[in-house]
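Here, each number is a calculation from the coordinates, and none is a lab measurement. Please read these numbers as outputs of a predicted model, since none were measured by experiment. Please note: Cβ atoms are built from the backbone with ideal geometry, for glycine as well, and neighbour counts cover all protein chains shown.
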Amino acid sequence: MANGKAKGSKGERVLSKWFTQWTGLEFTRVPASGGLRWKSMANATTGDLVCADDRHSRRFQFSVESKSYKDINFEHLILGNKKAKIREFWKQASEDAERGKKVPILFMRYNGMAKNTFFVVMPYYVFNLLLPTVITFDYPRFTVHGVDGGLMIMNSNDLLKFDYITLHKKLKTYRRNG
């Protein structure tokens with residue numbers, strides 16, 4: 001697909017369905033692909049997806065950023081390349097999340113990846129909230145130290161194993177208690 005905007009929009013639609021599968025709630029793309037900005041952040045519309053569920057939308061704690069790229073070079077993180085695309089993606093996700101008082105989460109995919117599969121980047125503390133609930137992982141994952149207190153990068157298929165409601169409750173308690 002040559003048109004980057006169309007590829008990004010398709011990726012966001014696929015990710016919306018992925019979130020619906022994981023959470024049991026309805027999700028939709030943000031108009032203008034995350035470019036929607038209101039002066040008042042009371043609506044907390046940040047990132048590329050929003051929870052469209054009437055009962056949960058205002059309580060959804062993540063600012064979801066979606067990136068579909070030709071290739072994603074993880075070695076740039078290891079080599080300390082300050083201009084690594086993943087760092088740029090994470091910076092955007094973090095700034096949007098901060099503005100909306102949410103937790104950043106980044107979903108990335110590159111050309112040729114298996115359908116409905118993403119690399120998920122999250123703050124390491126969020127991953128730690130998940131750990132007591134999972135016994136096995138099917139895919140490798142890795143930690144990136146030195147970026148915002150540490151990041152975890154994992155396969156979205158492993159994240160589907162975690163119960164969203166349990167994570168939501170643990171994250172709410174963690175954020176309230178610091």
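Couple of notes before you dig in:
- When you restrict to C-alpha pairs under 8 Å that are six or more residues apart and normalise by the size of the chain, the relative contact order lands at 17 percent.
- Taking other Cβ atoms within 10 Å as a rough exposure proxy, Met152, Met122, Met113 sort from fewest to most as Met113, Met152, Met122.
- Computed helical MRE - 222 nm, the chain, DSSP H runs ≥ 4 contributing -39500 (n - 2.57), nearest 500: -11000 deg cm²/dmol
- In terms of surrounding Cβ atoms within a 10 Å radius of their Cβ, Glu26, Glu12 rank from fewest to most as Glu26, Glu12.
- Take every DSSP beta bridge whose two residues both sit in segment 9-145; close to 45 percent of them are antiparallel.
- Separation of the alpha carbons by more than 19 angstrom is noted, of Lys101/Lys169; Lys10/Lys115; Lys10/Lys161; Lys67/Lys170; Lys67/Lys101, for Lys10/Lys161; Lys67/Lys170; Lys67/Lys101.
- Eigenvalues of the alpha-carbon gyration tensor of the chain, scaled by 5 and square-rooted, set the equivalent ellipsoid semi-axes at 22, 21, 17 angstrom, largest first.
- Per-residue Cβ neighbour counts within 10 Å put Phe89, Phe137 in the sequence Phe137, Phe89, beginning with the fewest.
- Placing pseudo-labels 7 Å out from each Cα toward the beta carbon at Asn111 and Lys82 gives an inter-label distance of 3.0 nm.
- Taking 0.36 nm per residue of sequence separation and removing the Cα-Cα distance, the Asn177/Tyr124 pair yields an extension gain of 17.4 nm.
- Length available on full extension from Lys10 to Thr143: 0.36 nm per residue minus the Cα-Cα distance, which gives 45.1 nm.
- Where labels lie 7 Å past Cα in the beta-carbon direction, separation of Leu131 and Thr166 in nm: 1.5 nm
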